[in-house]
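In what follows, a structure is listed as structure tokens, so that the remarks can point back to it.
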Amino acid sequence: MALLEIRNLVKVFPTGTSPFGGARGEVRAVDDVSLDIHAGETVGLVGESGSGKSTLGRLALRLIEPTSGSVQFDGLNVLAAGSTAMRRLRREMQIIFQDPFGSLDPRMTVDQIITEPLRTHGDDGQDRGTDARPGHWTGSERRSSRYRQQAAQLMRAVGLEESALRRYSHEFSGGQRQRIGIARALALRPRFIVADEPVSALDVSVGAQIVNLMARLQREYGLTYLFISHSMPIVRYLATRIAVMYRGKIVEVGETDHLMHTPENPYTKSLLAATPEIPIANP
């Protein structure tokens, strides 16, 4: 059984209103999409801007509600989950956003940004055995101390100094901000992450570093990715399988090497023909 099962998913957005009331028209941003993602793999979702890739990623996490269709995560019906069940699912399913500048609250320190998921959802006592603190500390103090330890560990995991926890996001470069966003996504130890074009706002060399970081973190944390991108070379490097999206539909899915060498859909062929090779060094 797949970790994530998407079946016949549809998302329709209205496009304005008519003078007589009601919707003037509609856009089928996601149009009858089905896709399986298995534990431990990376599925690269590629297509041009406006093809519905980001909408599909948000639907998978139920950040937006679909018009119809179903999403199952580890056998649980995501779209039918109540608030309590959905709260548990939020621990398992996280997102890395495209814009490293707009996705971090400039009023919060890095420590506050990374520990916000822990403070919102709790940490179920993770790493409790390593937190030997004086017995007169309150439960709140013990949690705060544990959260700081976890934040420091996550900073090291993404290649940043622990001292950066006291700084604000505007003090960092785009690549460093994206590392902070990745650390935040990892805070709850999720199993599944939607990476929504996480390197598109970065220059090539910095983007390659982030891709290598994500590959390493996948191995270390046992992650499953839906990696959304418009770059064939990047998904070729990172993805186990590739799904090609065009005008709201998935037009081709295949193992990475097979799809890159023997594409069947004309749109996939045009994507490959238009994409220059960009080398990414091994981590």
Handout entry: Fully extended contour minus Cα-Cα distance, from THR120 to ARG247, at 0.36 nm per residue
Key = 42.1 nm
Fill in the blank from the handout: Projected onto the charge dipole of the chain (unit charges on the beta-carbon of Lys, Arg, Asp and Glu, signs +1, +1, -1, -1), the Cα from SER229, LEU202, LEU118 with the largest positive-side position is that of LEU118
Practice task
Just tell me the longest site-free run in the chain, where the sites are GluC sites (Glu not before Pro) in a DSSP loop having at most 12 other beta-carbon atoms within 10 Å.
Solution key: 1-160
Exercise for the section: Check each of the trypsin sites (Lys or Arg not before Pro) in region 32-130 and keep only those in coil by DSSP with at most 16 other C-beta atoms within 10 angstrom; list them in order. Expected result: ARG107
Practice task
Could you point to the label whose value was computed as Kirkwood radius over Cα pairs in Å for the structure here, given (1) 22.1; (2) 20.1; (3) 21.5?
Solution key: (2)
Problem - Helical contribution to [θ] at 222 nm, DSSP H n ≥ 4, -39,500 (n - 2.57), averaged over the chain, rounded to 500 - result: -11000 deg cm²/dmol
Exercise for the section: Please give, to one decimal in nm, the separation of the simple spin-label points placed at ARG87 and TYR221, each 7 Å out from Cα toward the Cβ. Expected result: 2.3
Practice task
Only residues of region 190-218 count here: report those whose backbone N is under 18 Å from the spot 7 Å along Cα→Cβ of LEU76, or say none.
Solution key: 190-194
Exercise for the section: Using DSSP, restrict attention to beta bridges with both residues in the chain and report what percent are antiparallel, rounded to the nearest 5. Expected result: 55
Practice task
May I ask for the net charge around PRO100, where only other residues with Cβ less than 9 Å from the Cβ of PRO100 are counted and Lys, Arg are +1 while Asp, Glu are -1?
Solution key: +1
Fill in the blank from the handout: Computed over the chain, the relative contact order (Cα-Cα under 8 Å, seq sep at least six) in percent reads 26
Exercise for the section: Between ASP32 and ASP105, take the C-beta separation as r, use R0 = 30 Å, and let me know the FRET efficiency to the nearest 0.05. Expected result: 0.25
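A short reminder: the numbers here are calculations on the coordinates, not readings from a lab. Owing to the predicted nature of the structure, the values given are computational and were not obtained by experimental measurement. Glycine also receives a Cβ, built like all others from the backbone with ideal geometry; neighbour counts cover every protein chain displayed.
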